[in-house]
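The values are calculated or read from the model by the stated rules, or taken from the named source; none is laboratory data. Computed from a predicted structure; not experimentally measured. Here the Cβ positions follow ideal geometry from the backbone for every residue, glycine too, while neighbour counts run over all protein chains shown. All accessible areas refer to the heavy atoms of the entire protein, side chains included, with ligands and DNA or RNA removed. Shrake-Rupley method; radii C 1.70, N 1.55, O 1.52, S 1.80 Å.
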Amino acid sequence: MIGKLKGVVDSYGEDFVILDVHGVGYVVHCSARTLQRLPSTGEAAELAIETHVREDMIRLYGFRADAEREWFRLLQTVQGVGTRVALGVLSVMEPGDLATAIATGDKGAIARAPGVGPRLAARLVAELKDKAPAFSPVDPALIQLSGAVEDNTAPQPVADAISALVNLGYAQVQASAAVAAALKGAGEGAAAMEAKTLIRLGLRELAR
C-alpha cells in the first residue's frame, strides 16, 4: 500500500494531479480544495495517500494533511457516502470546519457539499457526532449546548435566545456559540438568566 508520495507536479486534470516520483507518474485524485493549494507544474509536492484496491483497478487519493485523509475515511463509514461524495465534502470544507459542523449539528453547512442533500447531511451528523469533537477546536460547552438544542433538552430561555438570534439572521451555529459564550461568562448566575438577557449578551458576543 502507498501511504505517501513526494515528487514533482507533472500536470493537472479536472479532479486529479499527476505526481512524478523518480520518473513514474502517479495519478492522484484529490478534493478541489487540495488541488487549488498544490504548487505549479514542475514544483515539488508531497501528499498523504489513501490507496483503494479493486479487482479491476487501483486508485490513489491524495491529501495535504493527515487530518483530511482521516475525514475521508470517516465520511465513508456512513451509508451512502463513497469516495466521490467524501471528496465533494472536503472540497467545500476544511477538516476543522467539517468537524465543527458535525459536532454542533450544523447540517446546513454540510448539505452545501455536492452530492449531499439534507437527508444525508442529517445522517452524517447523527453517525459522526461522537467522533467529531476529537477533531474540532470548538469549546466543548458549545458542542454540549448545540446537542441540547438539537434534542430539545436545552432550558427554555436558552432555546428561546438562540431562536431569536437565528430569526435575526444569524446562523444556528453562530447563535449557539454566542449564547454559549454568554452563559460561560455569567458563571454561577447562568442558570437564572432570562431569554432577553441572553439575547442581549449574545448580540454583544456577535458584535466582537
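How would region 26-92 be classified by its alpha-carbon gyration tensor: rounded, prolate or oblate, with rounded meaning a/c under 1.5 and the a/b versus b/c comparison settling the rest?
Working: a/c = 2.09, a/b = 1.37, b/c = 1.53.
Since a/c reaches 1.5 but b/c is at least a/b, the shape of region 26-92 is classed as oblate.
Can you compute the equivalent ellipsoid semi-axes for the chain, i.e. the square root of 5 times each eigenvalue of the Cα gyration tensor, sorted largest first and rounded to whole Å?
41, 17, 13
Add -39500 (n - 2.57) for each DSSP H run of 4 or more in the chain, then divide by its residues: what number comes out at 222 nm, to the nearest 500 deg cm²/dmol? Mind showing how you got there, number by number?
Details: 10 runs with 101 residues, N = 208.
Computed mean residue ellipticity for the chain: -14500 deg cm²/dmol.
Could you tell me the calculated FRET efficiency between Lys196 and Glu127, based on Cβ-Cβ distance and R0 = 30 angstrom, to the nearest 0.05? Show your work: numbers first, answer last.
Values: r = 37 Å, r/R0 = 1.24.
It comes out at approximately 0.20.
What FRET efficiency would be calculated for the residue pair Ile18, Glu43, taking the C-beta separation as r and a Förster radius of 22 Å, to the nearest 0.05? Don't skip to the end; give the middle numbers.
Values: r = 13 Å, r/R0 = 0.60.
Taking R0 as 22 Å, the efficiency between Ile18 and Glu43 is 0.95.
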Exercise. Full extension from His52 to Leu206: what is 0.36 nm times the residue separation minus their Cα-Cα distance, to one decimal in nm?
Worked result: 51.0 nm
Exercise. How many Å² of accessible area per residue for region 49-95, probe 1.4 Å?
Worked result: 51 Å²
For this session: Using a 1.4 Å probe over the heavy atoms of the protein chains, calculate the carbon and sulfur portion of the accessible area of the chain as a whole percent.
Result: 50 percent
Problem set entry | ³J(HN,Hα) computed for each position of region 19-32 - Karplus, 6.51 cos²θ - 1.76 cosθ + 1.60, integer Hz, glycine/proline x | 9, 8, 10, 6, x, 9, x, 9, 7, 10, 7, 9, 5, 4
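For a 29 Å ceiling on Cα separation, which of these pairs sit above it: Lys4/Lys131; Lys107/Lys184; Lys129/Lys184; Lys6/Lys107? Provide the component values of the computation, followed by the final result.
Numbers: Lys4/Lys131 25 Å; Lys107/Lys184 25 Å; Lys129/Lys184 22 Å; Lys6/Lys107 36 Å.
Lys6/Lys107, as the Cα separations exceed 29 Å there.
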